[in-house]
Amino acid sequence: MKDLFEKIRSYNPKSDLSLVEKAYNFSSEKHKNQKRLSGEPYFTHPLAVAGILADLEQDNLTIAAALLHDL
């Protein structure tokens, strides 16, 4: 979560990250027992999508949606 927040703050320093944090926590909890075929946690996928959107400097609602997109 820290890396994602740092990315967002790099282009939007005054951003209220509460929505992104709620989406992160909810998605992480719902995926906690799921694994990818590789054995890594499934949550790496929505987190990676959120990171890509943060790299593209998207708004917090879009990033939160990325974290929740497969729920």
Look through Asn25, Asn33 and report the one residue that is without any contact (Cβ under 8 Å) to a residue 12 or more places away in the chain and within 10 Å of the chain's Cα centre (by Cα). Asn25
From the residues in region 1-58 that are within 13 Å of His69 (Cα to Cα), assigned to a helix (DSSP H, G or I) and of a type in the set (Phe, Trp, Tyr), which one is most open to solvent (accessible area, probe 1.4 Å)? Phe26
Long-range neighbours under 7 Å by Cβ, at least six apart or interchain, first residue touching a residue at least 12 places away in the same chain (Cβ under 8 Å) within region 4-17, second of a type in the set (Gly, Ala, Ser) and part of a loop (DSSP other than H, G, I, E, B): Ile8/Ser15
Just for region 62-71: of the residues that are surrounded by 11 or more Cβ atoms within 10 Å (Cβ to Cβ) and in contact (Cβ under 8 Å) with a residue 24 or more places away in the chain, which one is farthest from Phe5 (Cα to Cα)? Asp70
Among (1) of a type in the set (D, E, K, R); (2) on the phi > 0 side of the Ramachandran plot; (3) touching an Asp or Glu at 6+ places or on another chain (Cβ under 9 Å) - the single one Lys7 does not satisfy: (2)
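The values are calculated or read from the model by the stated rules, or taken from the named source; none is laboratory data. Please read these numbers as outputs of a predicted model, since none were measured by experiment. With ideal geometry, Cβ positions are generated from the backbone for all residues, glycine too; neighbour counts draw on all protein chains shown. These accessible areas exclude ligands, DNA and RNA; they are computed on the full protein's heavy atoms, side chains included. Shrake-Rupley method; radii C 1.70, N 1.55, O 1.52, S 1.80 Å.
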